[in-house]
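Trainee: The following block contains the structure, expressed as C-alpha cells.
The values are calculated or read from the model by the stated rules, or taken from the named source; none is laboratory data. In this text the structure is predicted, and so the values were computed from the model without any measurement. Surface accessibility is based on the protein's heavy atoms, side chains included, excluding ligands, DNA and RNA. Shrake-Rupley method; radii C 1.70, N 1.55, O 1.52, S 1.80 Å.
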Amino acid sequence: MEWLKALLHQLKPIDQNAPAFWLRYSDALKEQLPGSTPLSKVEFVVFDTETTGLDQRTDKVLSIGAIKVHGLQVLVSDTFECLVQQEGAPSTKSAEVHGLLTKQLEQGIAEREAVEGFVDFIGNAIMVGQHVAFDVAMVNQMLKRQGIKDKLRNRSVDTAHLAIRLERRHGDSHTLKTGEYSLDALCERYNLPTDDRHTASGDAFATALLLLKLLSLAKKRGIETVGELMR
C-alpha cells in the first residue's frame, strides 16, 4: 500500500512560508498522472547519491546524479549532476568506493543550492533508484538541514524490488542469494554497460538502462500502466 501512503502524504497542507523552490515543487505535485496512464507516457527521474557513509542520520550526500526517462527512452540530454560541499574529508573507506576526494568536493556547490536544483529537476516525476529508499532518505536529510519541515512526496520505484517482483514468485523469495539483485548483478544479467559505476551519474545512467529492461519485462507480464506498476 505504498502508493496510498504517498497519496496521503501528498495531501498534507503546504507550509506557505516555505522557500520558493519548495512551493514550486508542491505546486508540481498537484498534477499527478492517473493510474490508467500508460508507462510510455510517464516521466521517470532515475537518480543516485554518493554519500560519506550509510548512516541516514549522520552521513551526508557528496554528489547527486539524475537522468530522465520518458517515452521509454533515456534522455541523455536531460540530466542533473552536482558535487556537494561538505565539512570534513570523506572517510578513506567511502572514498575508495566513490573516488571523491576533499579537493574535488571543494569545487562543488553548497548543499542548499544542490538540493534546490535537484528538487526543481524532479518535479512530479516518479523517482527511480537502486535501493531508492536510502537515496530518498539522504535527500530528505538535506532538506531537513535547510529548514524544510516536509519530505519528498513523489511516487518511487526501486529497481531491485521491481526485478525481484518480475523475475520471481512470492513463494520462492526465501531462495534469494546475497548480491543476486545488486546493480552489478542485474547489469550483468541484462547485458548492460557498467563503465562508469560508483559515481552518482554513472550509477544513475546504468539504473536508467536497467529500468528500461525491466519495463519491457513488465509489459510481458501484463504491467502497462502507472497503477499496475505501483502495486
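Trainee: Please list, in chain and number order, the residues 5+ apart from Val157 or on another chain whose amide H is under 5 Å from its amide H, with Hs placed from the backbone.
Mentor: Here the answer is Met127, Val128, Gly129, since their amide H atoms fall under 5 Å of that of Val157.
Trainee: Report, by chain and number, residues whose modeled amide H sits under 5 Å from the one on Asp78, excluding near sequence neighbours (fewer than 5 apart, same chain).
Mentor: HN-HN under 5 Å from Asp78: Lys68.
Trainee: Would you mind checking Lys68/Lys220; Lys41/Lys213; Lys30/Lys220; Lys41/Lys219 for any pair whose Cα atoms are more than 21 angstrom apart?
Mentor: The pairs that break the limit, which is 21 Å between Cα atoms, are Lys68/Lys220; Lys30/Lys220.
Trainee: Give the accessible area for Lys144 in Å² (nearest 10); use a 1.4 Å probe, count only protein heavy atoms, and leave out ligands, DNA and RNA.
Mentor: We get 140 Å² for Lys144.
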